[in-house]
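One structure is given below, encoded as structure tokens.
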Amino acid sequence: MKLHPANFAHQYIFTGYGEGYVLINQIRYEQSLIVLPNQLIENWTALSIAELQFHHFHALITLSPEIILLGTGPKHIFPNQSLLSQVTKTGIGIEIMDTGAACRTFNILAEEGRHIAAAVLV
């Protein structure tokens, strides 16, 4: 699916996604990554929901986003409840959704000027 955002100047946005990839500013990525409006962290070491642990969020938490959108791939899958508890104890919200929903939500919140992050499992 192609996304056509409006009013995004000088920031990272999702411009498309599909099975096994996301497009950020028209560049294709086929590995898990973290996206903030002003920063892109490639090659996120998290590869699946099953192996996701708190240490995978350490670098992201130090950036203090308002909320983390966790894109779980083609299906909406909840990670371990203990992990969610650890993340929320940092004071940062976390929302779990499939990767397509995370891409769309990120673009909407970024356009609003929110300090958000998308952690995407591709």
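The values are calculated or read from the model by the stated rules, or taken from the named source; none is laboratory data. Remember, predicted model here, so these are calculated numbers, not experimental data. All Cβ positions, even for glycine, are placed from backbone atoms using ideal geometry, and neighbour counts span all protein chains on display. When the accessible area is computed, the model is the full protein with side chains, heavy atoms only, and any ligands, DNA or RNA have been set aside. Shrake-Rupley method; radii C 1.70, N 1.55, O 1.52, S 1.80 Å.
L47 fails exactly one of the following numbered conditions: (1) under 17 Å from I108 (Cβ atoms); (2) out of contact with any Phe, Trp or Tyr (no Cβ under 7 Å at 6 or more places or on another chain). What is the number of that condition?
Answer for L47: the failing condition is (1).
Looking at segment 64-83, which of the residues that are within 15 Å of the chain's Cα centre (by Cα) and not in a loop (DSSP other than H, G, I, E, B) is nearest to H115 (Cα to Cα)?
Filtering segment 64-83 for residues that are within 15 Å of the chain's Cα centre (by Cα) and not in a loop (DSSP other than H, G, I, E, B), the one nearest to H115 (Cα to Cα) comes out as I67.
How about segment 17-75: which of its residues are open to solvent by 90 Å² or more (accessible area, probe 1.4 Å) and in contact with a strand residue (DSSP E or B) (Cβ under 6 Å, 6 or more places away or on another chain)?
Residues satisfying the conditions are Q26, R28, E30, E42.
Only one of N107, N43 is of a type in the set (S, T, N, Q) and in contact (Cβ under 8 Å) with a residue 60 or more places away in the chain; which?
The match here is N107.
If we scan segment 26-42, do we find a residue that is among the charged types (D, E, K, R) and out of contact with any Phe, Trp or Tyr (no Cβ under 9 Å at 6 or more places or on another chain)?
Looking for residues that are among the charged types (D, E, K, R) and out of contact with any Phe, Trp or Tyr (no Cβ under 9 Å at 6 or more places or on another chain), one finds none in segment 26-42, hence no.
Among (1) touching a helix residue (DSSP H, G or I) at 6+ places or on another chain (Cβ under 7 Å); (2) at pLDDT below 95; (3) not acidic (D, E); (4) not in a loop (DSSP other than H, G, I, E, B), where does Y17 come up short?
Condition not satisfied by Y17: (2).
Going through segment 91-108 one residue at a time, which ones are over 11 Å from the mean Cα position of the chain (by Cα) and either closer than 15 Å to Y17 by Cβ or surrounded by fewer than 17 Cβ atoms within 10 Å (Cβ to Cβ) (or both)?
G91, G93, I108
May I ask you to verify whether I61 is β-branched (V, I, T), without any contact (Cβ under 8 Å) to a residue 12 or more places away in the chain and assigned to a helix (DSSP H, G or I)?
The answer is no for I61.
Does T88 satisfy the criteria of being in contact with a strand residue (DSSP E or B) (Cβ under 8 Å, 6 or more places away or on another chain), free of Cβ contacts under 8 Å to residues at least 12 places away in the same chain and open to solvent by 30 Å² or more (accessible area, probe 1.4 Å)?
It is true that T88 is in contact with a strand residue (DSSP E or B) (Cβ under 8 Å, 6 or more places away or on another chain), free of Cβ contacts under 8 Å to residues at least 12 places away in the same chain and open to solvent by 30 Å² or more (accessible area, probe 1.4 Å).
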